[in-house]
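Q: What follows is a structure written as structure tokens; I'll ask about it next.
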Amino acid sequence: MFDILEEILNKSGIASLFILRVKDDNTGLDTPHVSYRVRPNIYRIRAFELWGNKDDLYFRIYHSKKINGSLKEQLSSVDGVVKSIRNVIDYKSNDYIQLATMVKNILLNNEIINECKNSSTLAKTSRFEGLELPDVDTSIEDVIGQVFTWRDIISIWEDDTEDNNLLKALSRSGIYIQRSKDGKSRYIGSAYGNDVIIGRWMKHLNSNGDAQHLNLFILENGYNEIVFSVIEFYEENDIIQRENLWKQILGTINYGPYNGLQLNSN
């Protein structure tokens, strides 16, 4: 079914408006569908999908619950809508390319673009209150290999929607890395017990405690130069030894004066 979906998105021009994140093929499920998942965008659209089989298809737009109200209203007024609830809009049509072209024209409307740009989410956590937060697709479940900025972390932490899979995934024990964007400067940490990974990251954003070299790097460069990633989830009692192993493997320990590269002081 991907060939059909891609033809719809390419010929309508929708594909040119988004950056593809991944293609999900779920045609082997009881409810077969394919999904063209896109990277975060001003529209807060997560994916374009086809459900059913080649003889009986419907087209779905999967979006964040925080989608702009005017955009949701206009997308739900397109001829062919059969369902518009929570974070999905479903369409049935004899000509999906024409339908998708109407969707594209809505997305290119200047008023809609301006409204979407101006409907950003602001942080509620006291220390960051009023901070403009990025749109993060929190429906993602696999975090290994993902890179998060400090604003991403706050956005995930404050997202109280039911489908916030990222928050669930990051609420585990494990080993993580904070590094410079170019990867040259690195800090290894661990989270365990009640101090889950995203909770530990939020503590870093509030105060780095005694992480002396990391503190100096942030004072020198700012958090905009730091990104966060999970190295591995780890639930065993020897997690500190595991953390030290990763420090040795990645060469992040510097017992001497700050050098801007090895950000673990012990």
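The values are calculated or read from the model by the stated rules, or taken from the named source; none is laboratory data. What you are looking at is a predicted structure, and each value in this text was computed from that prediction instead of being measured. For neighbour counting, all protein chains shown are included, and Cβ atoms are generated from backbone atoms with ideal geometry for every residue, glycine included.
So that you can scan it fast, the table gives a plain yes or no per residue for (1) farther than 30 Å from HIS63 by Cβ; (2) surrounded by 14 or more Cβ atoms within 10 Å (Cβ to Cβ); (3) out of contact with any Pro (no Cβ under 8 Å at 6 or more places or on another chain); (4) at pLDDT below 95:
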| site | (1), (2), (3), (4) |
| --- | --- |
| SER173 | yes, yes, yes, no |
| ARG186 | yes, yes, yes, no |
| MET202 | no, yes, yes, yes |
| GLN212 | yes, yes, yes, yes |
| SER229 | no, yes, yes, no |
| GLN241 | yes, no, yes, no |
| GLY256 | yes, no, yes, no |
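Q: While we're on this one: Does LEU71 fit the bill of being under 20 Å from SER119 (Cβ atoms), in contact with a helix residue (DSSP H, G or I) (Cβ under 6 Å, 6 or more places away or on another chain) and not assigned by TED's automatic domain parsing to the domain that holds ASP160?
A: Details: under 20 Å from SER119 (Cβ atoms): yes; in contact with a helix residue (DSSP H, G or I) (Cβ under 6 Å, 6 or more places away or on another chain): yes; not assigned by TED's automatic domain parsing to the domain that holds ASP160: yes.
It is true that LEU71 is under 20 Å from SER119 (Cβ atoms), in contact with a helix residue (DSSP H, G or I) (Cβ under 6 Å, 6 or more places away or on another chain) and not assigned by TED's automatic domain parsing to the domain that holds ASP160.
Q: Test of understanding: among ASN53, ASN41, which residue is under 20 Å from THR161 (Cβ atoms) and either out of contact with any His (no Cβ under 6 Å at 6 or more places or on another chain) or touching a residue at least 40 places away in the same chain (Cβ under 8 Å) (or both)? Let's see the steps before the verdict.
A: Working: ASN53 fails: under 20 Å from THR161 (Cβ atoms).
The unique qualifying residue is ASN41.
Q: Moving to a separate point now. Quick check on region 105-129: of everything there that is surrounded by fewer than 14 Cβ atoms within 10 Å (Cβ to Cβ) and in contact with a strand residue (DSSP E or B) (Cβ under 8 Å, 6 or more places away or on another chain), which residue is nearest to GLY13 (Cα to Cα)?
A: SER120
Q: Within the bounds of region 86-96, is there any residue that is assigned to a helix (DSSP H, G or I), out of contact with any Lys or Arg (no Cβ under 9 Å at 6 or more places or on another chain) and either surrounded by 16 or more Cβ atoms within 10 Å (Cβ to Cβ) or at pLDDT below 95 (or both)?
A: Yes.
Q: What do you reckon, is LEU263 of a type outside the set (Lys, Arg) and outside the structural domain of ILE197 (by TED's automatic domain parsing)? First the steps, then the outcome.
A: Working: of a type outside the set (Lys, Arg): yes; outside the structural domain of ILE197 (by TED's automatic domain parsing): yes.
Here the answer is yes, as LEU263 does meet what is asked.
Q: Residue check, SER35 against (1) in contact with a strand residue (DSSP E or B) (Cβ under 7 Å, 6 or more places away or on another chain); (2) surrounded by fewer than 16 Cβ atoms within 10 Å (Cβ to Cβ); (3) at pLDDT 95 or above; (4) of a type in the set (S, T, N, Q), all met but one. Which one?
A: With (1) in contact with a strand residue (DSSP E or B) (Cβ under 7 Å, 6 or more places away or on another chain); (2) surrounded by fewer than 16 Cβ atoms within 10 Å (Cβ to Cβ); (3) at pLDDT 95 or above; (4) of a type in the set (S, T, N, Q) applied to SER35, the lone miss is (2).
Q: Can I ask one more? If I filter region 63-85 down to residues being in contact (Cβ under 8 Å) with a residue 40 or more places away in the chain and crowded, with 19+ Cβ neighbours inside 10 Å, which single residue comes out as nearest to the chain's Cα centre (by Cα)?
A: Filtering first and then ranking leaves SER64.
Q: Closer than 24 Å to GLU235 by Cα and of a type in the set (Gly, Ala, Ser) - does that describe any residue in region 177-187?
A: The answer is no; no qualifying residue exists.
Q: In region 119-160, how many residues are within 22 Å of TYR62 (Cα to Cα) and either assigned by TED's automatic domain parsing to the domain that holds LYS65 or not in a helix (DSSP H, G or I) (or both)?
A: Residues meeting the conditions: 17.
Q: Just checking, which of SER173, SER207 is closer than 26 Å to ILE249 by Cβ and over 14 Å from the mean Cα position of the chain (by Cα)?
A: Values: SER207 fails: closer than 26 Å to ILE249 by Cβ.
On inspection, the qualifying residue turns out to be SER173.
Q: Within region 139-151, which residues are in contact (Cβ under 8 Å) with a residue 60 or more places away in the chain and either acidic (Asp, Glu) or under 13 Å from SER64 (Cα atoms) (or both)?
A: Of everything in region 139-151, just one residue is in contact (Cβ under 8 Å) with a residue 60 or more places away in the chain and either acidic (Asp, Glu) or under 13 Å from SER64 (Cα atoms) (or both), namely SER139.
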